[in-house]
Amino acid sequence: MLKQAFFKTFFFLITFHLLSIAVLAQEKYWLEFEIESLKNDKVQIEYFKEKLKVEFQDDIDFLYHSKWNPVISISTTGEIAKSLVKYKFIKSIQIQNELIPLSIETLAPAEYSYALEQIKAHYITDSLKLSGRNVKIGVIDGGFLDANEEPSLQHLITNNQIKFFKDFLLQGNKDAFYGKRIAEDDHGTQVLKMIAGSDNGTSIKYGMAENADIYLARTDHGIRERRIEEDYWVAAIELFHEMGIRLVNSSLGYTDGFDKRKENHSKKEVNGKSSMITKTAQLAAEKGMLLVSAAGNDGHQKWEILSLPSDAKDVLTVGAVRFDDWSKMYYSSIGPERLHYVKPDVACFAANGTSFSAPVITGLAACIWEYDSSLNNLEVINIIKSGSHLAESPNNYVGCGIPDGKKIKSILKNEKPESNFQIYNSDKNYVEIKIPDEIETVVVFHKKDSINVIEQLSIDMEEGMSFLKIEKQNNCNFSTIVAQDKLHIEIKWN
């Protein structure tokens, strides 16, 4: 059941609200301005236009001015578009035919996707020169339609890196790239892109494991939802184990959406031990396999908690966070309180489902195993969790947080990673925290205990605001204050 696939890729094209910058040398861009007051936006935009005209003269042509948004269409070179990031009044620069991210930091010759930029993948892929070489990755999904035609996956085809395919749905089908788009049979293609995608035409890196060997299993139908698909999932895991595959990505999740209501799971089953697929996932972990599982997309639904089998204790469960402030995405499923361990384990950015955050972490795991193949699966998981931004105070919204490539590089080299973690004990009903000037947004997790979140808040720091007052909430015994990787404080309310 493709519970992870309901966010469509067109979500990426909603350009006006993404804090992003495009860098390809195209001609047309959307230029979004930071407006103090919508009432005076026309006046401000005309002022900003004049400033740009003075500096760039005829090198920028101003085209269409949106009636609903503080956005202007411009025509210029990629080099000039990239240079506009220096202006504080420019919120984003968006190439009009494709959404491509840019880090303000100087990265490698290849630019990185949002998720890879967020986890600082260049410390692993560029600094350590890791790409998943000689690592086998199994991918269990709903179909890999036209993966052979996807530009970012051409190297997998050319270099014969797709080593195996088995279709559990259609007996006798040997075509890994067969399927119907209406049935979402391209879901696995998008997952592959986030594991190993690298578009040589645009120098964009989407996945970290571009040199890994890939083994594919199709177990899920995008339209029909039947419990027999869980049998196929179990069979695929067991087959991969027999083939000596240690690393498997599963962006599938099972809850209460089956065609026959009597086949639905209950929330009580999400306990790490009841469902057959969870038992299988845990057994696979005990046999040395590292299963990376999407947490699920029911965080805003009645189900709310993890999908199966992401509740298994020793799988690496991945949730989704926002790109700007690193808070939990509204749809990302949370760990149920009944578990005696923290789930999800980690998280990273994905705009349209945890299906696409899990494979990013699969690629990271492949690079770690390439660096040291003697590590066991639990050691790889521990490295990823220990190198994440909330490692010292994980919670059931985002786990240990977002893996940090710089920290993970230090851990691999047996060096102690940097930490800014602080603990406050308070006998009062509030704490005032000094916030560094460069921090624009603070995320607060109010928790009933050290793990389980009651409320998540995202607080914008106003200009000139140097202290933030955190008040104790009802039934709250802990609060985590975090600003990306710049600030991390745990308050214990006495």
* **Proximal lysines to Lys174, defined as alpha-carbon separation beneath 17 angstrom and excluding residues fewer than eight positions away on the same chain** => Lys163, Lys166
* Considering only DSSP states other than H, G, I, E and B, which trypsin sites (Lys or Arg not before Pro) in segment 389-420 qualify as loop sites with at most 12 other Cβ atoms within 10 Å? -> Lys413
* Structure fact -> Scoring segment 336-483 by relative contact order with C-alpha pairs under 8 Å, at least six apart, yields a percentage of 21 percent
* Only Lys, Arg, Asp and Glu count, each charged at its Cβ (+1, +1, -1, -1), so figure out the dipole size of the chain about its Cα centre, rounded to 20 debye. => 1160 debye
* Asked: Considering amide H positions built from the backbone, and no H for Pro or chain starts, which residues 5 or more places from Phe349, or on another chain, come under 5 Å of its amide H?
  -> Val321
* To do: In debye, nearest 20, what is the charge dipole magnitude of segment 264-390 about its Cα centre with +1 on Lys and Arg Cβ and -1 on Asp and Glu Cβ, if you could check?
  => 440 debye
* Over the Cα atoms of the chain, what Rg and Dmax result, in angstrom? -> 23.0, 69
* Can you give me the Cα centroid spacing of segment 286-362 and segment 400-425 in angstrom? -> 21 Å
* Can you give the relative contact order of the chain as a percent, counting alpha carbon pairs under 8 Å and 6+ residues apart? -> 13 percent
* Asked: Considering only Trp369, Gly272, Ser251, whose Cα is most displaced toward the positive end of the charge dipole of the chain, charges sitting on Cβ of Lys, Arg (+1) and Asp, Glu (-1)?
  -> Gly272
* **Above-threshold pairs, the threshold being 26 Å between Cα atoms, out of Lys273/Lys409; Lys287/Lys328; Lys287/Lys343; Lys193/Lys486** => Lys273/Lys409; Lys287/Lys328; Lys193/Lys486
* Mean residue ellipticity at 222 nm from the helices of the chain, using -39,500 (n - 2.57) per DSSP H segment of n ≥ 4 over the full residue count, to the nearest 500 deg cm²/dmol? -> -6000 deg cm²/dmol
* Asked: Considering amide H positions built from the backbone, and no H for Pro or chain starts, which residues 5 or more places from Lys91, or on another chain, come under 5 Å of its amide H?
  -> Glu32, Phe33, Glu34
* Asked: Using the alpha-carbon centroid of each, what span in Å lies between segment 430-494 and segment 150-208?
  -> 42 Å
* Nearest-20 debye value, segment 421-493 charge dipole, Cβ charges on Lys, Arg, Asp, Glu -> 440 debye
* Under 5 Å between amide H atoms, partner at least 5 residues away or on a different chain: which partners does Gln422 have, H built in plane at 1.01 Å? -> His488, Ile489, Glu490
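Rule-based calculations on the coordinates, nothing more; no lab input. Quick caveat, the model's predicted, so the values are computed rather than measured. As a convention, Cβ positions derive from the backbone with ideal geometry for all residues, glycine included, and neighbour counts pool all protein chains shown.
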